[in-house]
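What follows is a short report on a single structure.
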Amino acid sequence: MSERRLVHVVDDEDAVRRSVGFLLRTSGFDVQSHASGVAFLKEVKAAEPGCVLLNVRMPEIDGLEVQQQMAQRGVGWPVVILTGHGDVPIAVQAMKAGAVDFLEKPFDKASLLRALAAGFAIFDRHDAAAASAQEAATRIAALTPREQDVLRGLADGLPNKTIAFDLGISPRTVEVHRANLMTKLGVHSLSEALRLAFAAGLGGEARTST
């Protein structure tokens, strides 16, 4: 994410788009406005990621349908629902579907900024996870192919003798590779090595040996 945060405002009321857009820009955000859910969905795949302020009641398709379409298209951006009077039950339904928060119109600046802070915190966690995965992959890439094979076997939950059988080497050789890969990864226990392996996407094919 860039330092300047982007907010997508999806509302069919021009006055709301203008007033919310002005409030956000003067608070340091970048803003992209969309006049309908249909318009937003047409642009979402090519748009820059950001938090989405999504009105519930709109013509053609409502906010809940937009939220559903986002999920189906793999767009996992944080959503804050904007509701009118009497729409709270619908907003609760949206939150059950993954929305971060909802704001009932008219809402104040502090409430809006709190909701967006919660949304962007989700982005920050995703960024941290991505950075962790990249670091783990980089460290594992420094291992030899055979060391990576052994680490993959360990991440799959296999004992040394099974890894040895699968790779056509002796259990003693597996132990040597295991010691070497832990030294290269800079870890002091198998659990630390496994955390790196899992962060890099290794593992998940465990089986029981005989």
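The values are calculated or read from the model by the stated rules, or taken from the named source; none is laboratory data. Bear in mind that the values here come from a model prediction, so they are computed numbers and not experimental data. Positions of Cβ are backbone-derived with ideal geometry, glycine not excepted, and every protein chain shown enters the neighbour counts. Please note that ligands, DNA and RNA were not included when accessible areas were found on the heavy atoms of the full protein model with its side chains. Shrake-Rupley method; radii C 1.70, N 1.55, O 1.52, S 1.80 Å.
A few points about this structure:
- The numbered conditions (1) touching an Asp or Glu at 6+ places or on another chain (Cβ under 9 Å); (2) open to solvent by 10 Å² or more (accessible area, probe 1.4 Å); (3) of a type outside the set (Gly, Ala, Ser) are all true for Gln72 except (1).
- Residues satisfying the stated conditions in segment 119-154, i.e. touching a helix residue (DSSP H, G or I) at 6+ places or on another chain (Cβ under 9 Å), among the hydrophobic types (A, V, I, L, M, F, W, C) and open to solvent by less than 20 Å² (accessible area, probe 1.4 Å): Ala136, Ile140, Leu143, Val150, Leu151, Leu154
- The residues listed here are Asp87, Asp101; of these, the one that is among the charged types (D, E, K, R), surrounded by 13 or more Cβ atoms within 10 Å (Cβ to Cβ) and closer than 22 Å to Leu6 by Cβ is Asp101.
- Failed item, numbered, when Ala121 is tested on (1) in contact with an Asp or Glu (Cβ under 8 Å, 6 or more places away or on another chain); (2) within 30 Å of Val79 (Cα to Cα): (1)
- Number of the condition not met by Glu48 [criteria: (1) among the charged types (D, E, K, R); (2) surrounded by fewer than 15 Cβ atoms within 10 Å (Cβ to Cβ); (3) within 30 Å of Leu185 (Cβ to Cβ)]: (3)
- For segment 143-164, the set of residues classified as in contact with a Gly (Cβ under 8 Å, 6 or more places away or on another chain) and of a type in the set (Asp, Glu) consists of Asp156 only.
- Meets criteria (at pLDDT 90 or above and of a type in the set (Val, Ile, Thr)) for Val88: no
- Some residue of segment 76-98 being more than 17 Å from the chain's Cα centre (by Cα), charged (D, E, K, R) and under 22 Å from Gly21 (Cα atoms): no
- Every listed requirement among (1) farther than 30 Å from Gly203 by Cβ; (2) touching a residue at least 40 places away in the same chain (Cβ under 8 Å) is met by Glu104 save one, (2).
- Meets criteria (assigned to a loop (DSSP other than H, G, I, E, B), open to solvent by 40 Å² or more (accessible area, probe 1.4 Å) and not basic (Lys, Arg)) for Gly157: yes
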